[in-house]
Amino acid sequence: MDRANSPWDNKAEERKQRTSMTFQEQLLSNYLLISALLSWFVAQVCKTAIDAYFNKGINWERMTGSGGMPSSHSSTVVALATAAGISYGVDSAVFAISLVFAVVVMYDATGVRRETGKQAVILNRLLLDNPFAWTGKEFEKKLKGICGA
């Protein structure tokens, strides 16, 4: 395979243009990076707006905090994979890596949310009955009953 048709050299002209750009210009022209960051920002704004609506006030910590819906982690990696597919094609290594990364992040986020929900149910059950009044043996017995152990 000659160098002109190499899959590694199909963006030679683009690289020539980039060498004359400053670091900031290179960052701002990175379609994948801008897509992912913009998606994260939109998810955080939506999350903050939803929280403000239900709690009748803006909690600015929601803009940088994790948790809640929509998932900024999931939106970021999906935007990254989508931008990679658009830019490099779905048959590229960049898209494959981005897609696997997105699937792993979303699978992990789903597991974390599921386990957090289970823990919330257990904590709510514990707090309905005053655990501070239990003896050591009684605490262990009731905790095993609640947790299903």
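How do the helices (runs of 4 or more DSSP H) wholly within the range 58-149 filter down when requiring 3 or more residues that are more than 28 Å from Phe41 (Cα to Cα), over 26 Å from the mean Cα position of the chain (by Cα) and at pLDDT below 75: which remain?
93-128, 136-147
Identify, from the list Ala93, Ala36, the residue that is of a type in the set (Gly, Ala, Ser) and surrounded by fewer than 17 Cβ atoms within 10 Å (Cβ to Cβ).
Ala93
Restricting attention to the range 1-41, report how many residues are over 20 Å from Ser92 (Cα atoms), among the hydrophobic types (A, V, I, L, M, F, W, C) and at pLDDT 80 or above.
Qualifying residue count, the range 1-41: 7.
Could you check the range 39-65 and list, in sequence order, the residues that are surrounded by 13 or more Cβ atoms within 10 Å (Cβ to Cβ) and either touching a residue at least 60 places away in the same chain (Cβ under 8 Å) or of a type in the set (Gly, Ala, Ser) (or both)? Walk me through it before giving the result.
Of the residues in the range 39-65, the ones surrounded by 13 or more Cβ atoms within 10 Å (Cβ to Cβ) are 39-48, 50-52, 58, 62-63, 65.
Within the range 39-65, Ser39, Ala43, Ala52, Gly65 qualify.
The values are calculated or read from the model by the stated rules, or taken from the named source; none is laboratory data. Just so it is clear, the structure is predicted and the values come from calculations on it, not from any experiment. For neighbour counting, all protein chains shown are included, and Cβ atoms are generated from backbone atoms with ideal geometry for every residue, glycine included.
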